[in-house]
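Here's the structure, in structure tokens; my notes come after.
What follows draws every value from the coordinates through simple rules; no lab data is involved. These numbers were taken from a predicted model, which means no experiment stands behind them. All Cβ positions, glycine included, derive from the backbone under ideal geometry; neighbour counts span all protein chains shown.
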Amino acid sequence: MENKIKEINRLIEEFKIENKEALEKFRIQFLGSKNILKDLFSEIKNVAAEKRKEVGQSINALKSKAQNKFDDFMSDIDEKDNEIDSIDLSLPGDNVLLGSRHPLSIVNEEFIEVFEKIGFTVSEGPEVEDDWHNFTGLNLPEEHPARDMQDTFFIEKNPDWLLRTHTSSVQMRVMEAQELPIRTITPGRVYRNEAISARAHCFFHQVEGLYIDKNVSFADLKQTLLYFAQQYFGKNTKIRLRPSYFPFTEPSAEMDVSCTLCNQKGCKVCKNTGWLEIGGCGMVDPNVLKNANIDPEEYSGFAFGFGIDRIAMLKYEINDLRLFSENDVRFIDQFKASW
Ligand code: PHE
């Protein structure tokens, strides 16, 4: 008998109640109408008379133990049920942190969208470039004074390697590799050894464009740039081309767009001129075509290049170029795509 009591005591203690089903099994086994304690009570009559009282007390103790364990778990489960009942479904949900796009990526993609509509493809190339594609092939042979215009980072390991100073290097690669006609834009990061300040950085971003076919003229260039400016800055935008110099284009021009911030009334951003300078352009120099094995007697083309950091600064009224590369999410989180 004593052994039985010990055994049942162990069963009660070790019974794991993890859920409602287990609790019900526990109740049936130890507290239900056919529980095993009842068998013990019915066996008391077989116990020696002087021990009956003690045995009876032990069985009663088992009964209370089982009842207490049951009550404890019951109240636990009740509490949990109450918790579930008290959830307020009208409360707003937790904020899910969503990523946002970098302002330069937004501008980059918007440029691509505008040019894709008129049949331009997108070409990419390496940021570590060789001298031929960044300079010599583009009519900038060694010792050419215009190389100084682009303070270059060279790679120590190989004097022929450098960090590209413009994405015209990709245009050179496309001209060498692709069949004509070519209509492509080349977005990407470029590097120049400039002191870092609010208005200059040692790297920035360009979208350049190239169009080569038979009978491409300066009028085509002008119309393409006007189309771009009106698509991107608004349909009343005007453009202005000022004569300039680039070794890879002849003739060459700087491109301005009418100031979208003050409608040419004059403001701080356009320094009261009514115009914003956004890039360079020109007709591809015949020497460059020859370098890419394209016959300049048969083909002609135009090229242009915009710096998109400046345009993103104008668009979003950002006053410090360094913010673009500091990776502060409080800054980056603010931008939405649309002009
Ligand atoms: N590559 C020039 C620059 O980085 C821009 C440009 C491109 C000018 C194409 C003319 C034609 O400054």
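A few notes on this one:
- Considering only LEU11, LEU323, ILE118, and ranking their Cα positions along the charge dipole of the chain that arises from unit charges at the beta-carbon of Lys, Arg, Asp and Glu, the one farthest toward the positive end is LEU11.
- Residue-wise HN-Hα couplings along region 242-248, as the Karplus relation 6.51 cos²θ - 1.76 cosθ + 1.60 with θ = phi - 60° gives them from phi, are 10, x, 8, 9, 9, x, 9 Hz; Gly and Pro carry x.
- Every Cα-Cα pair of the chain was included, and the share exceeding 36 Å stands at 47 percent.
- Efficiency of FRET between GLU54 and GLU18 - r from beta-carbon atoms, R0 25 angstrom, step 0.05: 0.10
- By the beta-carbon count within 10 Å of each Cβ, the least crowded to most crowded order of GLU18, GLU124, fewest first, is GLU18, GLU124.
- Under 12 Å, Cβ to Cβ, from PHE41 - net charge with Lys/Arg +1 and Asp/Glu -1: +3
- Whole-Hz couplings from phi, Karplus 6.51/-1.76/1.60, listed for region 55-63; x for Gly and Pro: 5, x, 5, 4, 5, 4, 5, 4, 4
- FRET efficiency for GLU143 and GLU250, using Cβ-Cβ distance with R0 set to 30 Å, rounded to 0.05: 0.95
- Here the Kirkwood formula, the inverse mean of 1/r across different C-alpha pairs, assigns region 114-155 a hydrodynamic radius of 12.5 Å.
- Cut-off under 5 Å, modelled amide H: who pairs with HIS205 long-range: VAL190, ILE308, ASP309
- Global size of region 137-219 as Cα Rg and Dmax, reported in angstrom: 14.9, 45
- Remark: the ARG189-CYS267 segment gains 25.1 nm on full extension, using 0.36 nm per residue and subtracting the alpha carbon distance.
- Among the GluC sites (Glu not before Pro) in region 239-320, those located in a DSSP loop and surrounded by at most 13 other Cβ atoms within 10 Å of their own Cβ are GLU297, GLU298, GLU317.
- Loop sites in region 227-272: trypsin sites (Lys or Arg not before Pro), DSSP, at most 10 other Cβ within 10 Å: LYS235, LYS265, LYS268
- Charge tally in the Cβ shell below 11 Å around LYS214, where Lys, Arg are +1 and Asp, Glu are -1, LYS214 excluded: -4
- Considering helices alone, the calculated mean residue ellipticity of the chain at 222 nm is -12000 deg cm²/dmol, with DSSP H runs of length four and up weighted by -39500 (n - 2.57) and normalised per residue.
- With the Kirkwood sum run over all distinct C-alpha pairs, region 184-242 has a hydrodynamic radius of 14.1 Å.
- Per-residue ³J(HN,Hα) for region 37-43, Karplus 6.51 cos²θ - 1.76 cosθ + 1.60, θ = phi - 60°, Hz, x for Gly and Pro: 5, 4, 4, 4, 4, 5, 8
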